[in-house]
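Have a look at the structure below before the remarks.
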Amino acid sequence: MIYLDAAATSATRTEVLHEMWPYLTGEFGNPSSHHHVGEHAARALAGARAQVARWLGCRTNEIVFTSGGTEADNLAIKGICLARPRGRHVVTSAIEHPAVLESCDYLRRQHGFEVTILGVDSDGMIDLDEAAKALGPDTTLCTVMLANNEIGTVQPIAELAELTRTRRVPIHTDAVQAAGTLDLRGLDVDAMSISGHKIGAPKGIGALYVRGRVPVEALIHGGGQERARRSGTENLAGAVGLAAAVSHTDPADAERLAGLRDEFIADVTAAMPEAVLTGHRERRLPGHASFCFPGTSGEAVLLHLEQDHDVICSSGSACAAGSTEPSPVLLAMGLSAEVAHTAVRFTFGPTTTADDLRSAARGVGHAVASVRNLVR
Ligand code: PLP
C-alpha cells in the first residue's frame, strides 16, 4: 500500500508508543491523586506539558491538553469569546475546518454573535486588507487557520497577528495541519490548536496554546483539571505521546517533503497537462499536493487508485467524508461545482519515499485516463 492520506491521520510512531507504554501499565496513576502513584503521574504530565511548551516557545501554564484539534478549536473560539464581556463579533475565513466554522456558527445561533467570513482568492489566500476592514471595536476574536487541510495553502498568520495586535483583537490559529512541518514559534498569536494524530501521536490527544493573559471560559466543567480550563481526568499516556511526537519532529523532514512534493506535482502535471493544482503553488504545506482532474469524478479516481494501484488518498477532507456536496473550500476559491467534484488530495509524511510518489504519479495517470474514458 502507498498511503498518501497523512492529512487525515497517520500511524502512531513506534518511539512514541514506547514512551507512552509505562503510563498505560505500571505508571497508571491519576495525576490528581495524593499518593506516590498519583505524584508520579503528575510529574509525567508536567514533563509532557513542559516539552510541548518548549516546542511551541510558550510557558507551561499556557498549554491545555485536549482530546484533539476539534476540541482545541472549540475551546479557543467559544472559550475566548464567551470569556470576553465586550463585543459579539468574530472574524474567520471561508476555508476553515468545520471545527472552527461550526464553533463560530454556534456563537451566532446561541449567543447572538455576528460572524464575518473572509473570502479567499483562487489560491485560497485571505486578503489582509479585507481582514483589516473586518476588524472593529466589537471584534472579540479573529480565527484563521495556519494551513488548509484540503489545499495546503499557508496563510500569512504572522502578518495577520500584527494587524490584530494593533486593533487589540485576540487571534487564534488552527495549526493542526501545519504542526510538524512549519515553524510555529514565531507567530505571536494568542491561541493555537494542534492535534496529536497528525504528527505521530495517537488519536484523541491534542493541545491548545492560550496566551497567559487571555481569559478562557471552560467548556467542560468538573474537577478543575488543566487549571479549570478543561476538567476531566487527564489523558496522561496521550499527553506523554504528544510530547514524544513533537520531540521527534524534524525540520529536515519538511525540506525533504517539499522536494518530494515538487517532484510529484511536476510528474502529475507533465503526464496530465489539464490537471489543475489547487492551492498556492509556493505557499503550501511541504507534504501536500492537491489537484482537480476536469472531466473525471474525484471519487472514481480514488477508487481506481485504491483498487488498481494500491494508492490511498482522499477527495478532500476526511471530516467531510461521505458528503456528496462539492468542497466549500474549492467553491470559495471560485471553482465551479463541476470542477470541485473532480478533486483529489495527496498528503505525505515521514515514511513516504520518492519511489512511492513516482509509482503513485504513474497510477494517477492511469486512473484519470480510465475514469475519463468511462465518463465519455
Ligand atoms: N483542523 C484541521 C485543519 C484539521 O485538518 C483537522 C482534522 O483533520 C482538525 C482541525 C480536527 O482535528 P482532530 O481530528 O484532532 O479533531
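The values are calculated or read from the model by the stated rules, or taken from the named source; none is laboratory data. If you're wondering where the values come from, they're calculated on a predicted model, not measured in any experiment. Note that each Cβ is placed from the backbone with ideal geometry, even for glycine, and that neighbours are counted across all protein chains shown.
The requirement of being under 30 Å from A354 (Cα atoms), out of contact with any strand residue (DSSP E or B) (no Cβ under 9 Å at 6 or more places or on another chain) and more than 16 Å from the ligand (Cβ to nearest atom) is satisfied by E15.
Among the candidates E71, E102, E96, E159, which residue alone is outside any strand (DSSP E or B), modelled with pLDDT of 95 or more, acidic (D, E) and touching a Gly at 6+ places or on another chain (Cβ under 9 Å)? Write out each step before concluding.
Details: E102 fails: touching a Gly at 6+ places or on another chain (Cβ under 9 Å); E96 fails: touching a Gly at 6+ places or on another chain (Cβ under 9 Å); E159 fails: touching a Gly at 6+ places or on another chain (Cβ under 9 Å).
The conditions single out E71.
For P273, the conditions (1) surrounded by fewer than 19 Cβ atoms within 10 Å (Cβ to Cβ); (2) at pLDDT 95 or above; (3) farther than 30 Å from K78 by Cα are fulfilled apart from (2). The residue pairs whose first member lies in the stretch 253-278 and is farther than 18 Å from S370 by Cα, whose second member is of a type in the set (S, T, N, Q) and part of a helix (DSSP H, G or I), and whose beta carbons are closer than 7 Å, counting only pairs six or more residues apart or on different chains, are L277/T269.
Given the structure, is C81 crowded, with 22+ Cβ neighbours inside 10 Å, assigned to a strand (DSSP E or B) and either β-branched (V, I, T) or more than 12 Å from the ligand (Cβ to nearest atom) (or both)? Considered against the rule, which asks whether it is crowded, with 22+ Cβ neighbours inside 10 Å, assigned to a strand (DSSP E or B) and either β-branched (V, I, T) or more than 12 Å from the ligand (Cβ to nearest atom) (or both), C81 comes out as no.
One residue stands out among those in the stretch 294-316 that are polar (S, T, N, Q) and surrounded by fewer than 20 Cβ atoms within 10 Å (Cβ to Cβ): the one that is modelled with the highest pLDDT, which is Q307. For the stretch 84-101, the set of residues classified as over 18 Å from L146 (Cα atoms) and surrounded by fewer than 19 Cβ atoms within 10 Å (Cβ to Cβ) consists of R84, P85, R86, G87, R88, listed by residue number. Inspect all residues belonging to the stretch 3-11 and state whether any of them is more than 16 Å from the ligand (Cβ to nearest atom) and over 15 Å from G206 (Cβ atoms). Looking for residues that are more than 16 Å from the ligand (Cβ to nearest atom) and over 15 Å from G206 (Cβ atoms), one finds none in the stretch 3-11, hence no.
Just one of the listed residues (G200, G212) is surrounded by 15 or more Cβ atoms within 10 Å (Cβ to Cβ) and in a loop (DSSP other than H, G, I, E, B), and it is G200.
Evaluate the following for C58: is it touching a residue at least 24 places away in the same chain (Cβ under 8 Å), away from the ligand (no atom under 16 Å from the Cβ) and within 22 Å of the chain's Cα centre (by Cα)?
Numbers: touching a residue at least 24 places away in the same chain (Cβ under 8 Å): yes; away from the ligand (no atom under 16 Å from the Cβ): yes; within 22 Å of the chain's Cα centre (by Cα): yes.
Yes: the conditions hold for C58.
When R109, R88, R59 are checked against the criterion of being of a type in the set (K, R), closer than 29 Å to T181 by Cα and at pLDDT 95 or above, R59 stands alone in meeting it. Identify all residues within the stretch 172-190 that are more than 19 Å from L285 (Cα to Cα) and either modelled with pLDDT under 95 or away from the ligand (no atom under 16 Å from the Cβ) (or both); write none if there are none. Matches in the stretch 172-190: D188, D190.
Is it the case that E150 is buried (at least 22 other Cβ atoms within 10 Å of the Cβ), in contact (Cβ under 8 Å) with a residue 24 or more places away in the chain, within 12 Å of the ligand (Cβ to nearest atom) and under 21 Å from L331 (Cα atoms)? Reasoning before the result, please.
Numbers: buried (at least 22 other Cβ atoms within 10 Å of the Cβ): yes; in contact (Cβ under 8 Å) with a residue 24 or more places away in the chain: yes; within 12 Å of the ligand (Cβ to nearest atom): yes; under 21 Å from L331 (Cα atoms): yes.
When the stated conditions are applied, E150 passes them.
Of all the listed residues (E274, E282, E217, E255), the sole one being over 21 Å from V52 (Cα atoms), more than 16 Å from the ligand (Cβ to nearest atom) and in contact with a Lys or Arg (Cβ under 8 Å, 6 or more places away or on another chain) is E217. Kindly indicate whether any position in the stretch 115-131 is in contact (Cβ under 8 Å) with a residue 40 or more places away in the chain, among the hydroxyl-bearing types (S, T, Y) and not in a strand (DSSP E or B). The answer is yes; a qualifying residue exists.
Looking for whichever is farther than 24 Å from G196 by Cβ, touching a residue at least 24 places away in the same chain (Cβ under 8 Å), under 18 Å from the mean Cα position of the chain (by Cα) and within 16 Å of the ligand (Cβ to nearest atom) here; the options are A94, A76, A72. Which one fits?
Details: A76 fails: farther than 24 Å from G196 by Cβ; A72 fails: farther than 24 Å from G196 by Cβ.
Residue meeting the stated conditions: A94.
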